[in-house]
1. B:THR358 - would you say it is in contact with a Phe, Trp or Tyr (Cβ under 6 Å, 6 or more places away or on another chain) and either free of Cβ contacts under 8 Å to residues at least 60 places away in the same chain or outside any loop (DSSP other than H, G, I, E, B) (or both)?
2. For the range B:93-123, give me each residue that is over 24 Å from C:PRO350 (Cα atoms) and either free of Cβ contacts under 8 Å to residues at least 24 places away in the same chain or of a type in the set (Gly, Ala, Ser) (or both).
3. Taking the range C:399-414, which residues are facing chain B (nearest Cβ under 9 Å) and of a type in the set (D, E, K, R)?
4. Any residue in the range B:440-459 that's closer than 16 Å to A:LEU106 by Cβ and free of Cβ contacts under 8 Å to residues at least 24 places away in the same chain: show its pairings with residues that are of a type outside the set (D, E, K, R) and surrounded by fewer than 17 Cβ atoms within 10 Å (Cβ to Cβ) at Cβ separation under 8 Å, as long as the two are six or more apart or on different chains.
5. Taking the residues in the range A:9-28 that are within 7 Å of another protein chain (Cβ to nearest Cβ) and among the small types (Gly, Ala, Ser) as candidates, determine which candidate is surrounded by the most Cβ atoms within 10 Å (Cβ to Cβ).
6. Out of the range C:172-205, which residues are small (Gly, Ala, Ser) and more than 13 Å from C:PHE239 (Cα to Cα)?
7. What residue, among those in the range A:379-398 that are touching a Pro at 6+ places or on another chain (Cβ under 6 Å) and among the small types (Gly, Ala, Ser), is nearest to the other protein chains (Cβ to nearest Cβ)?
8. For C:LEU202, only one of the following conditions fails: (1) in contact with a helix residue (DSSP H, G or I) (Cβ under 8 Å, 6 or more places away or on another chain); (2) closer than 25 Å to C:HIS178 by Cβ; (3) aliphatic (A, V, I, L, M). What is its number?
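The values are calculated or read from the model by the stated rules, or taken from the named source; none is laboratory data. Just so it is clear, the model here is predicted, and its values are computed rather than measured. Cβ sites come from the backbone with ideal geometry, for glycine too, and all protein chains shown count toward neighbours.
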Amino acid sequence: MTEIFLPDDRYFDPASRNVALHLYDQVKDLPLVCPHGHVDPRLFSDPNYQFGTPTELFIIPDHYIFRMLYAQGIALEDLAVPRADGGPVEQDHRKIWQLFADNFYLFRGTPTGIWLNYSFRNVFGITEKLTSDTAQSIYDQIADQLTKPEFRPRALFDQFNVEVLTTTDAATDSLEHHKAIQESGWKGNILPTFRPDAVVNLDTAGWHNHIKALGERVGKEINSYKVFIEALEDRRAFFKSMGATATDHAALSPYTTDLGDQQADVIFQRALRGEATAEDAAQFTGHMLMQMARMSVEDGLVMQLHPGSYRNHNKALFDRFGPDKGADIPVALEYTRNMLPLLSKYGSDPRYSLILFTLDETTYGREMAPLAGHYPAVKLGPPWWFFDSLNGMAYFFDKVMETAGIYNTAGFNDDTRAFTSIPARHDVWRRAAANWVAGLHVRGIVDEEDAEAMVHDLSYGLAKKAYKFA
Amino acid sequence: MTEIFLPDDRYFDPASRNVALHLYDQVKDLPLVCPHGHVDPRLFSDPNYQFGTPTELFIIPDHYIFRMLYAQGIALEDLAVPRADGGPVEQDHRKIWQLFADNFYLFRGTPTGIWLNYSFRNVFGITEKLTSDTAQSIYDQIADQLTKPEFRPRALFDQFNVEVLTTTDAATDSLEHHKAIQESGWKGNILPTFRPDAVVNLDTAGWHNHIKALGERVGKEINSYKVFIEALEDRRAFFKSMGATATDHAALSPYTTDLGDQQADVIFQRALRGEATAEDAAQFTGHMLMQMARMSVEDGLVMQLHPGSYRNHNKALFDRFGPDKGADIPVALEYTRNMLPLLSKYGSDPRYSLILFTLDETTYGREMAPLAGHYPAVKLGPPWWFFDSLNGMAYFFDKVMETAGIYNTAGFNDDTRAFTSIPARHDVWRRAAANWVAGLHVRGIVDEEDAEAMVHDLSYGLAKKAYKFA
Amino acid sequence: MTEIFLPDDRYFDPASRNVALHLYDQVKDLPLVCPHGHVDPRLFSDPNYQFGTPTELFIIPDHYIFRMLYAQGIALEDLAVPRADGGPVEQDHRKIWQLFADNFYLFRGTPTGIWLNYSFRNVFGITEKLTSDTAQSIYDQIADQLTKPEFRPRALFDQFNVEVLTTTDAATDSLEHHKAIQESGWKGNILPTFRPDAVVNLDTAGWHNHIKALGERVGKEINSYKVFIEALEDRRAFFKSMGATATDHAALSPYTTDLGDQQADVIFQRALRGEATAEDAAQFTGHMLMQMARMSVEDGLVMQLHPGSYRNHNKALFDRFGPDKGADIPVALEYTRNMLPLLSKYGSDPRYSLILFTLDETTYGREMAPLAGHYPAVKLGPPWWFFDSLNGMAYFFDKVMETAGIYNTAGFNDDTRAFTSIPARHDVWRRAAANWVAGLHVRGIVDEEDAEAMVHDLSYGLAKKAYKFA
């Protein structure tokens, strides 16, 4: 039997390992600040929530996992990924787990492999490496743990030492689960985040339904751009009253523009009539990003923007299984010209704060670091999605920090729906940060005093400050 | 006298050198799998083929070499590169060799320098470093070796331990040399590859002649798109019967589109009349890539696509010396949108296999790894051309593997017309792979068992599987 | 009290530190060759020039410094940056210095931090780290030094061991300070560089005034393209007579085109009438780059081109403070197609020399190294601006050198207006070069003899040769 390989000094360069370990030791037990993520608030509103089978916990909902199996020719049906038409998929969770274990070698050297091994060993106490031979025994062990009270989400929340966890919620969300959590007396700090993509991006599937739902939330028919804007302001105020400190915005491109109210309404009316073009949608999204900045100036919510994902690239797969099935592919991005209108208007306003993400690493040093190193409002979010990895972090540090300095960045966020992977993800970041700063120290770039302060800020302080957590 | 510098533990990071050496030792003697290259099959059809002078072997045919001398102001005429008009060039091969040796310092730190030193020492037994002083002595030693039977291509093929070597052949090629090899009784496994660029890309110089030749091969006049497609299918079947397992396609961009038969024929007819525009050519290439995918689904040939080279950038040089003179310059590439039509249609088909290359490293992590990490049909070829180097490989591993995993890549190929450089190129790859995996191991990312399997797969198994060699 | 952290073996990778130190020791005392910079020649024309207060020396004129403070919300007025309208700004230089010291932690891990610490300790003899507590004491020490004769620019020039320093001068400049220097009998080698951007780029603010000034310099009204060209030729000849060996050109894009004289004049006449469009300006700049190449072929001046900066991105800041306030943001660049006209015409001309820069690192390996590794005229300048840093240099070496070889690069230049930072900048380069070459040596890529030659050439020889300094 082979043991899971997670040495204590992992992810550190041998040449600066001792320095890195020393720095890491100072931050490894700090509380986790989780300002951007996709954990379902139901996990915490129901004190007795259970995760289901190991397959339900680790495989079926996680497109990081099943896309890798799909890429090797395994059908999503065989992994029990639900079909859009409700048609039959594999029901035997042990069989799926075996298939996963048989192919676990695919994750060698990947962040997903790292997170899984961490979760297996450090959350569930598994010691053997997952292989074809150990698959069923490990399934049994995890299944057994999941029945215990200490594996309920609230118990894990405390055990993980989470200081604050934010969810991501549609503009139309009732936040009923957040209300239930707040009213339950449980002390876990779970905050909503306002994400209005579905009503702001005119090309969203089911946009009319989302607009209708928005109208119902605010008690008005959304029949004009003016009412639409008022409804969004109304919802932001509600989210803020529920503890939100931030908004979140996806877009294919970081294009911004100010159409003016009249032209914005012309496009909005076309959309209401079902006549908006692709160009209308792009223009309107660019305009609404400016509006969201304007509202942030007024209400103080931190604005997050993460462009660059071409969603649902595999059309046949989308038709069969719907969105978020591991088929979103990045595109090249341009920030300098696209963000000029927004940044010229709001970028130096002390009331405004904008956290930028990217899926195009070429923009780190060329555009994002120079923007963050100039505009007071701009901070850079951590390496995102495919780049939430050891190499992704090392590259981010190397490309961004010399120009922006670490104090124009926003620390780490785990951006995950997989709650049990959260400690693993923060651990990778804290080790990567300690490793990077250790490299600076052993090469004579920062002294020990600065090194310790930097790792602390990267691990804890920067995220807390950037997201305005008290 | 200075010796050639090729220490046994070369290319390994000092901090993980012992681990890397251990991993490398396990793969260094594995047979060479060479699934993509440009060696002339004549080398093997004639059992008594001789390479000529050292200058004919190393300098005159190799644009990697002479472009570096040209960049420093040395005329190609002075290096005996043949002129398109057949005009006079330098005839004294010893003088050319001396000029090469005088400028050998230009190759310091370059892959070409590495390959040359390996070939000199490990293939030809030279021990002294090439300098102005040693030039003539080394010329003598190589010239002497080249007269010996053990330096005939077939003998070297065996000595190099080549398991399979593929050539690259025009759609119109008779494959007569492959036939001769197969009929000769010699056991060397030399397979053709179907590369139809010259008939598929309408802007190819001499396209009409290539179409005429294609017609002659299939015994029909190629007077319509329909006949053209049939001719290509016919030729693919012939190549397959001759042992081909793959096709190969160059394009300036990875743009794909489905024009439909009617529109394809309209453009094809314009081309036959000599009236096709640049836009016609781009559209037709994009359409034919889809057709090639369709044929691959049907006949099982693996499809290779390597876009991004702006050919013959230096117009005056092209007029004087023709193509392939070291003046091809890469351009930026976009895969996500360009390949959407092809991948949506064929990317999940279990019968289809597509190996993608790039000359734009920015696409590794942004587009190619996400595509390969999702679509079952897509595998990534190794770092290509300018990136077939130690840094190119290290960057490829770092940018691709975390997202795609190594099992969505296709191992190594040497892509060379310089037969005697083949062992050097595979040795660099095997060392680079061992070094990368050793880095993963000493940083606690993969255990020893996985590390050994990964280096074996990268060095041998992945290429064999991706190219469907039995 | 904490000491400034500048260990003797700084910036070297631990695993090859001894080799790097050995290589660095051989070049650290070589004279400084400074072929591209922005030091004001007045510093040297007046033998008694004084730098003013520490705040005037280090903060007020240096956008590398104040942009980082601005990015954290500190107003430029509070840093005494002069307003365009002459309005009031902070007058208390000690107070500004304190603010700078309070925020000096922002520069942790940045090249600016490195340069400042080097200047403090190695130029001014400060030993304590700059903090809130030490701010006033360090101010006193620097202020005291600045009163001494050995801190006059000419004395520092000798102490820094500068072999040659070039300035950057408008096409309309009288070069009176250069004349004064030459006539003064002082032996410092200060040469002008011809930078005609303000007259060549039609969209320059105040273009008509610059054209008028140009006419006054050459004693003709610039009323046609023909006269304009003659005036530029005239000025180039004057600069050359004053010792210039190079010209310098900025552009948003490296686009080149040959409009022909007639079309060039049509656009020029529109510009004279104040009717030129943005497209006119782009076309004219592209045309003038071709003209500048043509003139370089004729007069032998080395041509430098550094495209890619989107100037004055923050419009409100530009209106209030003018240009060069840390708000220039890079854009993506394309060289392969854009430079085709120029390189096809002049790129192989032995009389022509072109030094290319970039703000888009993605072009290093993809376009610039292949161009420099082919065209005899092309050399690559060092990593520029945001990339003039340890990571910027390491990345440049890794991306460029395998393809171009070091002998198609142009060594280092400091590109600074901060004269007292010049030794710091060259020291970083020499250490980075030694570190990179040491890495090649310990990994068995270059032998000791080659390693020593490479570091010497990178530190000294390449710049001297590329800029044709005798």
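1. Numbers: in contact with a Phe, Trp or Tyr (Cβ under 6 Å, 6 or more places away or on another chain): no; either free of Cβ contacts under 8 Å to residues at least 60 places away in the same chain or outside any loop (DSSP other than H, G, I, E, B) (or both): yes.
Against the criterion (in contact with a Phe, Trp or Tyr (Cβ under 6 Å, 6 or more places away or on another chain) and either free of Cβ contacts under 8 Å to residues at least 60 places away in the same chain or outside any loop (DSSP other than H, G, I, E, B) (or both)), B:THR358 does not qualify.
2. Looking only at the range B:93-123, we keep the residues that are over 24 Å from C:PRO350 (Cα atoms), and these are B:93-94, B:109-123.
Selection gives B:GLY109, B:GLY113, B:SER119.
3. Filtering the range C:399-414 down to residues facing chain B (nearest Cβ under 9 Å) leaves C:399, C:401-408.
Answer for the range C:399-414, where residues must be facing chain B (nearest Cβ under 9 Å) and of a type in the set (D, E, K, R): C:LYS399, C:GLU402.
4. B:ASP447/A:THR2; B:GLU449/A:THR2
5. A:SER16
6. C:ALA180, C:SER184, C:GLY185, C:GLY188, C:ALA198, C:ALA205
7. Checking each candidate, the answer is A:SER389.
8. Unmet condition: (2).
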